[in-house]
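Worksheet for the structure shown next.
Please treat every number below as a calculation from the coordinates, not as lab data. Just so it is clear, the model here is predicted, and its values are computed rather than measured. Note that each Cβ is placed from the backbone with ideal geometry, even for glycine, and that neighbours are counted across all protein chains shown.
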Amino acid sequence: MTDTTDTDTGEHLRAALRHLEAARQQEDLRKTNAVALENVSNTVSTVLREYEGDR
């Protein structure tokens, strides 16, 4: 991968986390949606940590 691709990948993962957190902050989410968002957020966080560790 190029440096630009590496930077883009990290930015996309961070943006996904920001969007997930914003969705979680909305108070109209059902409990199942909140749990699903938390699971996705944890997965994206793990991928981001592994990605940054590989760089």
Along Cα→Cβ, 7 Å out, is where each label goes; now give me the distance between the ones at Asp8 and Glu50 in nm to one decimal.
2.2 nm
Diffusion coefficient, µm² s⁻¹, Stokes-Einstein with Kirkwood Rh over alpha-carbon pairs of the range 3-54 at 25 °C and 0.890 mPa s
209 µm²/s
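Please compute the length gained on full extension between Leu17 and Asn42, using 0.36 nm multiplied by the number of residues separating them and subtracting their Cα-Cα distance.
Details: separation 25, 0.36 × 25 = 9.00 nm, distance 0.89 nm.
Working it through step by step, the gained length comes to 8.1 nm.
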